[in-house]
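Structure first, commentary second.
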6 protein chains.
Amino acid sequence: MHKPVAVRNIPRADQSVIDELGSMGVATVHEAQGRVGLMKPYMRPVYEGERIAGSAVTILAQPGDNWMVHVAIELCQPGDIIVAGITADCTDGFFGDLLAHSCQARGVKGLVIDAGVRDTLDLKEMGFPVWSKAIHSKGTVKETLGSVNIPIVCAGAQVNPGDIIVADGDGVCVVERQHAETVRDKGKAREEAEVAKRERLQNGELGLDIYNMRPRLEEAGLVYLDSLDDLDK
Amino acid sequence: MHKPVAVRNIPRADQSVIDELGSMGVATVHEAQGRVGLMKPYMRPVYEGERIAGSAVTILAQPGDNWMVHVAIELCQPGDIIVAGITADCTDGFFGDLLAHSCQARGVKGLVIDAGVRDTLDLKEMGFPVWSKAIHSKGTVKETLGSVNIPIVCAGAQVNPGDIIVADGDGVCVVERQHAETVRDKGKAREEAEVAKRERLQNGELGLDIYNMRPRLEEAGLVYLDSLDDLDK
Amino acid sequence: MHKPVAVRNIPRADQSVIDELGSMGVATVHEAQGRVGLMKPYMRPVYEGERIAGSAVTILAQPGDNWMVHVAIELCQPGDIIVAGITADCTDGFFGDLLAHSCQARGVKGLVIDAGVRDTLDLKEMGFPVWSKAIHSKGTVKETLGSVNIPIVCAGAQVNPGDIIVADGDGVCVVERQHAETVRDKGKAREEAEVAKRERLQNGELGLDIYNMRPRLEEAGLVYLDSLDDLDK
Amino acid sequence: MHKPVAVRNIPRADQSVIDELGSMGVATVHEAQGRVGLMKPYMRPVYEGERIAGSAVTILAQPGDNWMVHVAIELCQPGDIIVAGITADCTDGFFGDLLAHSCQARGVKGLVIDAGVRDTLDLKEMGFPVWSKAIHSKGTVKETLGSVNIPIVCAGAQVNPGDIIVADGDGVCVVERQHAETVRDKGKAREEAEVAKRERLQNGELGLDIYNMRPRLEEAGLVYLDSLDDLDK
Amino acid sequence: MHKPVAVRNIPRADQSVIDELGSMGVATVHEAQGRVGLMKPYMRPVYEGERIAGSAVTILAQPGDNWMVHVAIELCQPGDIIVAGITADCTDGFFGDLLAHSCQARGVKGLVIDAGVRDTLDLKEMGFPVWSKAIHSKGTVKETLGSVNIPIVCAGAQVNPGDIIVADGDGVCVVERQHAETVRDKGKAREEAEVAKRERLQNGELGLDIYNMRPRLEEAGLVYLDSLDDLDK
Amino acid sequence: MHKPVAVRNIPRADQSVIDELGSMGVATVHEAQGRVGLMKPYMRPVYEGERIAGSAVTILAQPGDNWMVHVAIELCQPGDIIVAGITADCTDGFFGDLLAHSCQARGVKGLVIDAGVRDTLDLKEMGFPVWSKAIHSKGTVKETLGSVNIPIVCAGAQVNPGDIIVADGDGVCVVERQHAETVRDKGKAREEAEVAKRERLQNGELGLDIYNMRPRLEEAGLVYLDSLDDLDK
């Protein structure tokens, strides 16, 4: 049942946890929380090089209608990320330079939207990062209500208001707020474990040896041949 | 955080409510609950002509791994529908005639899966309805755990275990269990309102008049021209 | 410049020409008019087995807004086909059983729409043929004006009001009204030429000989080899 | 290096082996040969219900040019299947009723093409089965050479002339000719093993027990919960 | 009916109007002309950062055949943009560095093509901007005629020869030549209105207040809640 | 039949030939070998500006399983390029910064993979070029064997171990090892022929004249009109 509401107050994770998750990046965070929480790979940054993390202020919008973005901006706090799911497939340009200025003025860190955006040259120049499904100039209307700060699905991922969003060149990941610290801890452990491995790999050691894969490969039945000509012998 | 679990007991809606939702079909149910809850349009029936409704037994699966389907079947009751979300895009054939026989033997009504299925000629012959993203023969493995009966996202829709699934030729819709009766009531009211309208439309009356659209069209600025030649005058 | 208008009167081709074009089918008509006029291959019939032809009553609609369909139905004459282009990509369900009943009551022959439709089981049962980009239950609003009976683009094809639409299992083709008779004549000639060829091919004669292709193949440099082993010699 | 050639003679597997592979269907054959050889899931039958197997006569064609189909038909023997790969993405209609009559007259069993076809109503009526990437009326030219009976890639699968093609409602699979008997044997064994399993599953036994999955699930760490409320405890 | 022609003379809009439209960019121009005229969002710049405007010299080409590009270049004047529509879906590389040099020598400003292009590193280095559907090296032939400077459909948009094309990072928009001045005027007004709004938004004022949305939101039924916990109360 | 093997020794082309092919780029190489060997246009570089060539070390992998990448790295020599085909559609992130460090330490020049990769910011910073179908963080498992250095299909192209891979901003092309020198020679000839043409085109001469197209255009029936108004005369 969808009744249009705008929820003023949402829980947020500790800023330090959010920042630490952001520094890890999407790939590490996703692994740390059990390989869940990723948005679909069609979600791409409008311009390259950004990595952000923040608390999700969520929007459920109707296709072609960006009315709720205005409602959401008022409810944001500095450091938040707006995350918009749409009730049907849509590539319209929900967001452009005016809304980006409004967001930036309120301290919003970025936008993640399962639809299109426009004024992309301006967004890059302003330094307002956006991850979207499409870039399209098609304008939207302000006629039909959606909701702000209710649980939504965005690009295949469940997002609750206040969940932590991490976004970078590898895509977008959602961390459930209740598990933010655990994920942070596991991510840190993962990063630390990788430091030594990275150095060994850089020195030319093989993953086959570092991870002790040879016995398992043999057990699974991998056969080494000297030449392709031996294949059907 | 994903910890692999299988939940034995889930709440279910009243069978009579489920049946009534099923008789309404996807389009009506979706409207009755405020135009939310639809899966993406790429979810299509493997064969035509079926309309089913049932309680969702949910699966979160890893791509290319159908192990959890076996776990889920044991936890189904007659009348349930298995709904499988995958943690990444995948078209592999997770389900075929053997699993369909197992489902049918346990009274499972159908399958909704955001991936591929196979043995489609058998599925049609057996009368086991499936809605899927793809038809593909690619086999799957049984190596990595997922979960059964946790909240999932399937084809863009949030599904909680025990939610009501309605599926027909128009796609798949999810009704939250807590609102099943309200949605049923609103759907019934909608169906009743449509009976009279349908008859009037069949008799050649226009929607313009039945819905009293002419004043609003005029107010919005629609101009009637006698001929296209008058357009740029 | 788009100013929302509804044009009451459109030119139509002779019914006999329309009927003859319909009997030829999409592939022949497309060839007869110089291999233009086809809609994109994503336009598929909602149910199989129909072949229709009629005069286009065109709609330019905004995404997610089916208001103009109601306006269009009043302007249709028996035998017309409604053709709807949308100003942006959209899969919403613009059309269902109520509108189909209204169309059928007015003698409309079918619908071609670059968006989604719903109530597909009803459409098949009623025998109201539809070609669409998607099947989806997502409901639409009636808030923003478009136009009726202006030139539009639908699924990659230019359509002027009164153009002839031919639609069957192979897709949808648009014939410019001014050239309908010429296309009909060329199509007939093509059909007649094919009768003899079909018979010869059914008797086992080869296209290579019927079309005298062997000299041109040789001139172009095709080399016949007895065996693949001769390839790199 | 592509030099346009047409190879007259190709090796073929024993007809009995081909027939047995055909009777197993795509899913079983694919499994029996180690889960390789499938074409992409976008390859769909033009009409439903057919299952065929035959020796591949291969075509490498340029986009929008069906010249080589005529060359290929002459080189077919009764029971062959024409398999056409294109050197670039293309949805044009390479094949229609005339070519289908020619194929049928020569005993060709069907067509598999990584492009479009047309005259689909005729193909169904004639009973000439086709698997294709698209249905589109767009005509093709006969201007640029390709080759016949050289190794090709079709819809993601490597096909050598004389390989066995199995195609049904689940897609298309390629069996290397040299391994046809081994695959047939493994497929038979698989089918036999499935008979008993199917019966046990039909009787309500669970895959969990038939395949003895419970210890492995436990070892892998699957936790059974009585209720979803126990999840975060 | 398509008869292959090349039209030597086309009307063009005033250069000053073209330049002013170019300076506004795609999003503003599209809004100014009533939210029509956009090409599909799959049309993307081959390299970033360009914004151009010019008069359309149109090409209707057959898939995989770039012959008409040569014909078109001769008919271009300095400042023109070549716009190519294809009669079927095609990703072949119609255009590379040689043709780009030829275009640049004749003063052509850029290319918009509903197909593929190649030599993209050269295009960027030369500073010859291209918007295309794909980047692909697949070569094309010169065998089948199309036309130059006839009305075409390109990526879903109707383009008449001499229409103004505006292209930037947000996509491609077509302005009908007859309405160029009106669209320019409306675009300017829109830009001016946005200056003040932008400043207010940058100062932290909300769109909700600037556009006086609060009463309409309330009327439409938006309910503000203090907390998500109040949702089902 | 797929039996999992890893082949230690593969033939490689002369380094000088590989380097010369690399310097020509994908478009030229593809033309020089008869317009074959291209991967699909969805294969895109993870970051721009790279052009590489090397000998293919091939991987056949199962979807979501990157175990064979570890096996392949050991079998690489400096200058090799790893090319990975997957047995089904998959966008999972098979490869990230750790594996890239391992590759770089062993002298591997780059990766071409018909699936997803991650850690793209790191890849760019390291200067390790990758061409892939997707960018996605989804992690993979190491459970199911594939093979290394057997013939594979990657993104629609046949690749044998030791074939030469050329990759740049225009995509990816495969050159059969046996024909490397012939292709190199033809590519050189092509490049040389283009130098003069490029200069003439830069000086404003037309392709119509350089390639002597006017008589063929006339013969094919192209009609020049002074104005579009003459079209239907």
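Residue check: E:D229 meets all listed conditions (1) assigned to a strand (DSSP E or B); (2) away from chain C (no Cβ under 14 Å) but one, namely (1).
The sole residue among F:E205, F:E191 that is under 32 Å from the mean Cα position of the chain (by Cα) and at pLDDT 95 or above is F:E191. Which one of these is within 12 Å of chain C (Cβ to nearest Cβ), assigned to a helix (DSSP H, G or I) and among the β-branched types (V, I, T): E:V195, E:V183? Sole residue among the options that is within 12 Å of chain C (Cβ to nearest Cβ), assigned to a helix (DSSP H, G or I) and among the β-branched types (V, I, T): E:V183.
Quick check on B:L208: is it under 23 Å from C:R118 (Cα atoms) and open to solvent by less than 30 Å² (accessible area, probe 1.4 Å)? Spell out how you get there, then give the answer.
Details: under 23 Å from C:R118 (Cα atoms): yes; open to solvent by less than 30 Å² (accessible area, probe 1.4 Å): yes.
When the stated conditions are applied, B:L208 passes them.
Select, from C:I81, C:I59, the only residue that is outside any helix (DSSP H, G or I) and in contact with a Lys or Arg (Cβ under 8 Å, 6 or more places away or on another chain). Show your work before the answer.
Working: C:I59 fails: in contact with a Lys or Arg (Cβ under 8 Å, 6 or more places away or on another chain).
Going through C:I81, C:I59 in turn, the sole match is C:I81.
Results for (1) more than 28 Å from F:G116 (Cα to Cα); (2) more than 18 Å from the chain's Cα centre (by Cα), shown as yes or no for each residue.
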{"site": "A:I113", "(1), (2)": "no, no"}
{"site": "A:I135", "(1), (2)": "no, no"}
{"site": "A:G162", "(1), (2)": "yes, no"}
{"site": "A:D170", "(1), (2)": "no, no"}
{"site": "A:V195", "(1), (2)": "no, yes"}
{"site": "A:E199", "(1), (2)": "no, yes"}
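Of the residues making up the range C:1-51, those that are closer than 24 Å to D:D119 by Cα, small (G, A, S) and outside any loop (DSSP other than H, G, I, E, B) are C:S16, C:G22, C:S23, C:A27, C:A32. Would you be able to say whether some residue in the range A:128-147 is open to solvent by 10 Å² or more (accessible area, probe 1.4 Å), more than 29 Å from C:Q62 (Cβ to Cβ), at pLDDT 95 or above and not basic (K, R)? No, the range A:128-147 has no match at all. Is it the case that D:V174 is assigned to a strand (DSSP E or B), of a type outside the set (K, R) and under 30 Å from C:D232 (Cα atoms)? So D:V174 passes the test.
Each row is one residue, and each column tells you yes or no for (1) without any contact (Cβ under 8 Å) to a residue 12 or more places away in the chain; (2) within 13 Å of the chain's Cα centre (by Cα); (3) open to solvent by less than 60 Å² (accessible area, probe 1.4 Å).
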| position | (1), (2), (3) |
| --- | --- |
| B:E31 | no, no, yes |
| B:G34 | yes, no, yes |
| B:G37 | no, yes, yes |
| B:Y42 | no, yes, no |
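Among the residues making up the range C:152-180, a single one is among the acidic types (D, E) and more than 11 Å from every other protein chain (Cβ to nearest Cβ): C:D163.
Consider C:P4 carefully, then state whether it is within 12 Å of chain E (Cβ to nearest Cβ) and not small (G, A, S).
Details: within 12 Å of chain E (Cβ to nearest Cβ): yes; not small (G, A, S): yes.
It is true that C:P4 is within 12 Å of chain E (Cβ to nearest Cβ) and not small (G, A, S).
Report, by residue number, each residue of the range F:66-82 that is of a type in the set (D, E) and open to solvent by less than 10 Å² (accessible area, probe 1.4 Å). Result: F:D80, single match. Among the residues of the range D:83-121, those that are more than 9 Å from chain C (Cβ to nearest Cβ), more than 30 Å from E:S137 (Cα to Cα) and either β-branched (V, I, T) or open to solvent by 10 Å² or more (accessible area, probe 1.4 Å) (or both) comprise D:G107, D:V108, D:K109. The single condition from (1) among the hydrophobic types (A, V, I, L, M, F, W, C); (2) more than 14 Å from chain B (Cβ to nearest Cβ); (3) more than 21 Å from the chain's Cα centre (by Cα) that C:V141 fails is (2). Inclusion of C:G85 among residues that are in contact with a strand residue (DSSP E or B) (Cβ under 9 Å, 6 or more places away or on another chain), modelled with pLDDT of 95 or more and at positive phi is not warranted. One residue stands out in the range F:198-214 among those that are within 27 Å of D:V141 (Cβ to Cβ) and not aliphatic (A, V, I, L, M): the one that is farthest from the other protein chains (Cβ to nearest Cβ), namely F:N212. Residue count for the range B:117-148 satisfying the condition of being among the aliphatic types (A, V, I, L, M) and touching a Pro at 6+ places or on another chain (Cβ under 9 Å): 6.
Assess whether E:L145 counts as being aliphatic (A, V, I, L, M), touching a helix residue (DSSP H, G or I) at 6+ places or on another chain (Cβ under 8 Å) and within 26 Å of C:G34 (Cα to Cα). Answer is yes for this residue.
Determine if the range A:215-226 includes at least one residue that is within 14 Å of chain E (Cβ to nearest Cβ) and of a type outside the set (F, W, Y). No. Here C:I59 clears all of (1) among the hydrophobic types (A, V, I, L, M, F, W, C); (2) under 13 Å from the mean Cα position of the chain (by Cα); (3) more than 28 Å from E:P63 (Cβ to Cβ) except the condition numbered (2).
The values are calculated or read from the model by the stated rules, or taken from the named source; none is laboratory data. None of these values were measured; they are calculated from a predicted model. Neighbour counts run over all protein chains shown; Cβ positions are idealised from the backbone, glycine included. When the accessible area is computed, the model is the full protein with side chains, heavy atoms only, and any ligands, DNA or RNA have been set aside. Shrake-Rupley method; radii C 1.70, N 1.55, O 1.52, S 1.80 Å.
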